[in-house]
Amino acid sequence: MSTTTEPPSEVLIPPLPNDIGLNILARIPRHRHPILSAVSKPVRSILSSPEFFAARSLLNCSQNIAYLSIVSSFHYHGYWFEVYRIPRPIAHADRNSLLRFARVSPLPVFLYSVTAVVGHKIYVLGGFTDLSRTSSAVWVLDCRSRTWERGPSMRAPRSVSSAAVVGGEIYAIGVHGDELWIEVLDTVTERWEAVTSPVEGKYALVKMSRIDEMGGRIRVRVGLKAFWLDPTNRTWEVAGDVDMLDLCYSGQCVVDGTSFWCDHVGRISYAEIGNRNESRRLLESVTEGNKPKDLYWPSLVVLEGRLVMVWGQRIDGSASSTAGGVKMRVWCAEVEVVSKNGELSGGVLWSEKVLLLPEEMEEMSHNNKFFFHCACLSVSL
Amino acid sequence: MSSSSTTTTTTRLLMLKASDGVTFEVEEAVATKLGAINNMVEEEGSEDLICLPNVNGKFLGMVLEWCKKHANNNTNSDKGNDEVNKWWDKEFVMDLDQNTLYHLLMAADYLSGTELVDLLTEKVASMIRGKKVEEIRETFKIKSDFLPGQEEEIRKKNSWAFE
């Protein structure tokens, strides 16, 4: 408060006042932010500030940013990327000229960990640190600054099978021995608390459990049973039985009221959401001629409303490779879905290798537990 | 929110005086599209001359021109008006040079013309999108204040964005 003139180094866009500068910069889409960050220090520091994101939200300029996580049995780390779909000139429409991957620093890997989004943060809960040990660790990605921090650990190292978010609270469900456990994290107070399980003692189908948020309530499915949890008083109510398919297709993607799911050889099936009588149907044509080849553990994700299949390709080390280890290549294929007379058919718009993951280990490949998994989350920024 | 100015159907005129002494006689419905003037009218009544010491006549005139167009287009509430406004806004900002754009933006901001500020900041933002780092610095006269090596580090870390 001692000087009357602002030091010039603090000005975002001279000679405009900074509130106007902020108003202008908040309108720039996020994939251009790295370029802005190289313009000057004041611009760079505003880009990760709370007032910048508040301005974006106020101006209706917030974007849903896709985060892709990739884990494989060849890596000590979980790889994370922000993915942008940037339309390119028509001339390159048949190639992957669209996807851009912004690397987020990798995370000490947790196979089978579970993720949840609260505000601008992604929580990664538990999982395996190697193929035998489970972890109680929680990692939190602050998507604004793309940095990881340690979150409050779960009450015990246990494997988590799924998580759901209601009112800033993360409910995690998992199995320990043959028993179901549920606990809840208040992301404000950063405290975990146990929730009484709706099923007592041991239950054969306990491993097939999942938790979902539905209209502000929590729905827990354990085997063929379903329960509602009221988050306000943490009481249970029986919701009736669920059909088996509901559980089998838990890795589904939803686009325009239709759920899509892909199997281990990349066949995509679909079903209308909420139509329990309808069985899943195969998406024709993707299953036939133009299916991408060499699929290993394909996952289906939704990127900006479009179906994208992601899979890993194992590249065994050549003589020129330093360690003779195994490299992992990531491929993507964009699937176009067309509706005709109530039937959907699909076509692969393009399929291409998009990433080469760093070479990390070879030991794990000995036990033949080849594993590749990718998941996509959406965060409003 | 107050519920004033619906009492009379006759158009009231306000006198606005810019920093360089230029005066504008405008309809109240037009001038009150500017939040600052709306506040003054509600607080003091609209009989007096309103002095605006932070805006000169040239830019006040342009701001009022914009207000007039939008006030006119909004009177008959037709769905097509949105399109008309959009088209007119596009024309309005199309050929503005940077200096005029900045002065207009500061005037609109001072007068709390939120919609006009939105239009003009969007125009400046469109001049940033699609430009390279050097082009942004050159267009907006921004000096790099990075230490040697810092900028290279940022570029290297985000190489995907600098293709």
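The values are calculated or read from the model by the stated rules, or taken from the named source; none is laboratory data. The structure displayed is predicted, hence computed values, not measured ones. Note: ideal-geometry Cβ built from the backbone for every residue, glycine included; neighbour counts use all protein chains shown. Side chains included, ligands, DNA and RNA excluded: accessible areas come from the protein's heavy atoms. Shrake-Rupley method; radii C 1.70, N 1.55, O 1.52, S 1.80 Å.
Of all lysines in the structure, those lying under 20 Å Cα to Cα from B:Lys156, and not within fewer than 8 positions of it along the same chain, are A:Lys41, B:Lys131, B:Lys132.
Using the alpha-carbon positions of the stretch A:170-241, Rg (one decimal) and Dmax (whole number) come out as 11.8, 36 Å.
Other residues with beta-carbon under 13 Å from the beta-carbon of A:Val206 carry, at +1 per Lys or Arg and -1 per Asp or Glu, a net charge of +3. In the stretch B:13-142, Rg over Rh equals 1.02, where Rg is the alpha-carbon radius of gyration and Rh the Kirkwood radius from pairwise Cα distances. Efficiency by 1/(1 + (r/R0)^6): what FRET value for A:Asp178 and A:Glu51, r their Cβ-Cβ distance, R0 = 60 Å, to the nearest 0.05? After rounding to 0.05, the efficiency reads 0.75. Based on DSSP H segments of at least four residues, each scored -39500 (n - 2.57), chain B has a per-residue ellipticity at 222 nm of -17500 deg cm²/dmol. Could you compute the FRET efficiency for B:Glu83 and A:Glu272, with r as their C-beta to C-beta distance and R0 at 41 Å, rounded to 0.05? After rounding to 0.05, the efficiency reads 0.65. Between A:Ser380 and B:Lys157, the C-beta separation translates, for a Förster distance of 35 Å, into a calculated FRET efficiency of about 0.90. Over every Cα atom in the stretch A:139-187, the radius of gyration and the widest Cα-Cα span, Dmax, amount to 12.4, 40 Å. The charge dipole of the stretch A:107-242, taken about the Cα centre with unit charges on the Cβ atoms of Lys, Arg (+1) and Asp, Glu (-1), comes to about 280 debye, rounded to the nearest 20.
Buried on complex formation within the stretch B:98-119 (loss of at least 50 square angstrom of accessible surface versus the isolated chain, 1.4 Å probe, ligands and nucleic acids ignored): B:Tyr102, B:Met106. With protein chains left intact and a 1.4 Å probe, residues in the stretch A:107-242 average 46 Å² of accessible area per residue. The slack in the chain from A:Asn18 to A:Leu59, taken as 0.36 nm per residue of separation less the alpha-carbon distance, amounts to 13.2 nm.
Here the average projected area of the convex hull drawn through the C-alpha atoms of the stretch B:97-154 stands at 4.9 nm². Take the residue pairs B:Lys123/B:Lys143; A:Lys327/A:Lys353; A:Lys121/A:Lys207 and return only those whose Cα atoms are more than 25 Å apart. In this structure, A:Lys121/A:Lys207 lie more than 25 Å apart at Cα.
Once you put a point 7 Å from the Cα of B:Thr23 and another 7 Å from the Cα of A:Glu149, both along the Cβ direction, what distance in nm separates them? Modelled inter-label distance: 5.9 nm. For the stretch B:146-163, a reduction of at least 50 Å² in accessible area between the chain on its own and the assembled protein chains (probe 1.4 Å) is found at B:Phe146, B:Ile154, B:Trp160. Each chain gives up part of its surface: A and B jointly bury about 2800 Å² of accessible area, both sides summed, for a 1.4 Å probe.
Partner aspartates and glutamates whose Cα lies under 18 Å from the Cα of B:Lys90, excluding those fewer than 8 positions away in the same chain, are identified as B:Glu65, B:Asp82, B:Glu115, B:Asp118, B:Glu122. Annotation: amide H of A:Gln63 within the under-5 Å range of A:Leu381, sequence separation 5 or more or interchain, hydrogens built in the peptide plane.
The fraction of accessible area contributed by carbon and sulfur in the stretch B:13-142 is 47 percent, rounded to a whole number (1.4 Å probe; ligands and nucleic acids excluded).
Shape of the stretch A:107-242 from its Cα gyration tensor (a ≥ b ≥ c, root eigenvalues): rounded if a/c is under 1.5, otherwise prolate when a/b > b/c, or oblate? The shape class here is oblate.
Report in % the part of the accessible area of the stretch A:112-180 that belongs to carbon and sulfur, leaving out ligands and nucleic acids; probe 1.4 Å. The value for the stretch A:112-180 is 44 percent carbon and sulfur by accessible area.
Solvent exposure of the stretch B:13-142 amounts to 53 Å² per residue of accessible area, where only protein heavy atoms count and the probe is 1.4 Å. Interface burial in the stretch B:125-142, defined as at least 50 Å² less accessible area with all protein chains than with the chain alone at a 1.4 Å probe, covers B:Ile128, B:Arg129, B:Ile142.
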